[in-house]
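The values are calculated or read from the model by the stated rules, or taken from the named source; none is laboratory data. Note that this is a predicted model, so its numbers are computed, not measured. Note that each Cβ is placed from the backbone with ideal geometry, even for glycine, and that neighbours are counted across all protein chains shown.
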Amino acid sequence: MQKRTVHCGEVSVADIGKQVILDGWVQRARDHGGLIFIDLRDRTGVIQTVIDPQAAPKAHKVGEAARSEFVLEIIGEVRRRPAGSENPNLSTGDVEVAVTDVEILNTAKTPPFAIADDIQVDENVRLTYRYLDLRRPEMQRRLFLRHRVVKLIRDFMDSRGFVEVETPILIKSTPEGARDYLVPCRIYPGTFYALPQSPQQLKQLLMVAGFERYFQIARCFRDEDPRADRQPEFTQLDLEMSFIKQEDVFEVMDDLHAEIIEKLSGKRLKFPKPFPRFSYNDVMERFGIDKPDLRYGMELFDVTDIAAATEFQVFKTVAEAGGRVKGIALPGLAGYSRKEIDDLMAFARTFGAKGLVTVAVTEEGPKSSISKFVAEGQMSAMLERAQAKTGDLLAIVADTPAVVANVLGRMRADMGKKLGLADKNEVAFCWIVDFPLVEWKDEEQRWDAMHHPFTSPHEDDVQYLDTDPGRVRAWCYDMVCNGFELGSGSVRIHRRDIQQKVFKLMNYSDEEAQARFGHMLEAFEYGAPPHGGFATGLDRTVTLLTDDESIREVMAFPKTATGYDPMTKAPSPVPPEQLEELHVRVEVEEEE
Ligand code: ASP
């Protein structure tokens, strides 16, 4: 092998007449009964090379053996392609290399799928041969883009005075609402490390340590029930700041995300900085969900007062019981068939609604099964409230506020997707603030943190911690983008007494709090500064730029949606000796 002089995709008309040495993979080899054409590919692109048996008999002999994905070194002279044979689809399409020498650096079996952008292959096969999948240009583009995002983040955070600090992977449990992955410890029999669900406690301790501005491109591990777009491990941009209010976090994050979009995507920000903020209550009222896609409207409308006055019994009963009657206007669906409306009802039932009322706004006026119970004036008042246009189909739910929000929020998101309401070239960021500190867990009969137990309550609401915990607001915020929760964070508790109070509210006994979080409580006694922070999902951020649905597309070696790695076949059993060393005995219950 000699020293490569140029990458395949970088050969241009400026090189005509020059001798080049190229290294790469055979994209395609064609023997035209005499001339052999080899398209050679490396990470920069593809160049056509030609071996003439007269001019280079030795190279021709070697070239005859070349097959797809063989690794070759090709030496030759760059020349202009004969007129008419240029390839405008190729960046190197005006030139070709007249080969003088070829060396086969390695052979290759026929790959299980083509190394090309458009392939129709089961994802399991792609993951089994991920090293071949990653050879495909579109996968290389994704990972190069991911690299650019991380590089931009690092440079940006550095320019704002943040210092990157690595925190350990073998640590004690940090709750973020999931199960821990545990690692048995050989040296201390019967004990376990937990893989961090996030660096939460460590970054707070770095604030106690006086670093003031920390960030990390951090790996997090959460053992959750598999879901299509979940991964057992994922990457966060994690940060923490001292002596700040939530506004300071917003400012840094608005600037960073605007820069990512402006520099690394061809998209435009729907809302300029500062990104809009919504209170949790407000966003639930208007969109029924705490991560609305703001690229389109279709907000919920509230007709409880009008509905209460109608003769429609369901509406009356719900309104009298303190429930709500709300709806959304689905644009252009007034002509929905019976079957389509039934599907919409089934959708509503799946998410807890007992029924769904529809009103089709047609040229001839509103059409609905409840028309006979609703006076004309009431109907037109409802249409006005809904800002309904001819052609709309109103979908109305009457139920408790929580059910109404859940059903309509999901319907808005689902129909928004089906109707293609979002402009793919737009990115709409917003902040959701003023979340409740805790939520009631019915199954466990206890209050639990809405975010995590280190979130600070609003000073004004601390008084309700004992008497009415549900009304305590938290200094807690989510960043939402295009219908995804991109990140969340909070101003933290930095006083031992308040932290203890919150642990107690969540039903941790003093002993338990001490055993799990004693180090935090103690650290707060050594001059912990007021601090707060945030973390965003890096994988998701990259998919905002690539328009991929799944974060697996932007991870080099992801697991399947069920947490399996078909390439290495992890997780897998281990030899008994290894278990013995770890003092672990395994008993697997037979599945029924
Ligand atoms: N640790 C939190 C999370 O992973 C983020 C934060 O509060 O900074 O969601």
**Study point:** Among (1) surrounded by 15 or more Cβ atoms within 10 Å (Cβ to Cβ); (2) among the small types (Gly, Ala, Ser); (3) free of Cβ contacts under 8 Å to residues at least 60 places away in the same chain - the single one GLY84 does not satisfy
**Key:** (1)
Practice item. Scan the range 552-587 for residues that are exposed (fewer than 14 other Cβ atoms within 10 Å of the Cβ), β-branched (Val, Ile, Thr) and under 28 Å from ILE187 (Cα atoms) and jot them down. Key: THR568, VAL574, VAL586
Practice item. Kindly check whether there is at least one residue in the range 480-493 that is under 22 Å from TYR296 (Cα atoms), within 16 Å of the ligand (Cβ to nearest atom) and surrounded by fewer than 21 Cβ atoms within 10 Å (Cβ to Cβ). Key: yes
Check your understanding: How many of the residues making up the range 196-218 are buried (at least 22 other Cβ atoms within 10 Å of the Cβ) and either small (Gly, Ala, Ser) or away from the ligand (no atom under 13 Å from the Cβ) (or both)?
Key -> 1
Check your understanding: Going through the range 520-539 one residue at a time, which ones are in contact with a Lys or Arg (Cβ under 7 Å, 6 or more places away or on another chain) and away from the ligand (no atom under 16 Å from the Cβ)?
Key -> LEU521, PHE524, GLU525
Review point. Name the residues in the range 159-202 that are in contact with an Asp or Glu (Cβ under 6 Å, 6 or more places away or on another chain) and under 28 Å from ARG585 (Cα atoms), would you?
Key: SER173, ALA178, ARG179, TYR181, ARG186, ALA194, GLN197
Check your understanding: Does the range 184-193 contain any residue that is buried (at least 18 other Cβ atoms within 10 Å of the Cβ) and part of a loop (DSSP other than H, G, I, E, B)?
Key -> no
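So in the range 130-184, with the set limited to residues that are among the acidic types (Asp, Glu) and touching a strand residue (DSSP E or B) at 6+ places or on another chain (Cβ under 6 Å), which one is modelled with the lowest pLDDT?
ASP180
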Practice item. Enumerate the strands (runs of 3 or more DSSP E) found wholly within the range 1-66, keeping only those where 2 or more residues are more than 22 Å from ALA116 (Cβ to Cβ). Key: 19-32
Point to revise | Check on PHE429, away from the ligand (no atom under 16 Å from the Cβ) and over 16 Å from GLN499 (Cβ atoms) | key: yes
Exercise for review: Any residue in the range 181-198 that's more than 9 Å from LEU582 (Cβ to Cβ) and small (Gly, Ala, Ser): show its pairings with residues that are assigned to a strand (DSSP E or B) and away from the ligand (no atom under 16 Å from the Cβ) at Cβ separation under 6 Å, as long as the two are six or more apart or on different chains.
Suggested key: ALA194/LEU182
Practice item. Consider LEU419 carefully, then state whether it is under 18 Å from ASP343 (Cα atoms), touching a Phe, Trp or Tyr at 6+ places or on another chain (Cβ under 6 Å) and of a type outside the set (Asp, Glu). Key: no
Point to revise | Selection from the range 156-176 of residues that are within 16 Å of the ligand (Cβ to nearest atom) and either among the aromatic types (Phe, Trp, Tyr) or touching a Gly at 6+ places or on another chain (Cβ under 7 Å) (or both) | key: PHE162
Check your understanding: Name the residues in the range 76-95 that are closer than 14 Å to VAL46 by Cα and part of a loop (DSSP other than H, G, I, E, B), would you?
Key -> GLU86, ASN87, PRO88, ASN89, LEU90, SER91, THR92, GLY93, ASP94
Exercise for review: Among the numbered conditions (1) surrounded by 15 or more Cβ atoms within 10 Å (Cβ to Cβ); (2) modelled with pLDDT under 95; (3) of a type in the set (Val, Ile, Thr), tell me where ILE432 comes up short.
Suggested key: (2)
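Going by the structure shown, is GLU233 within 11 Å of the ligand (Cβ to nearest atom) and either touching a residue at least 24 places away in the same chain (Cβ under 8 Å) or at negative phi (or both)?
It is false that GLU233 is within 11 Å of the ligand (Cβ to nearest atom) and either touching a residue at least 24 places away in the same chain (Cβ under 8 Å) or at negative phi (or both).
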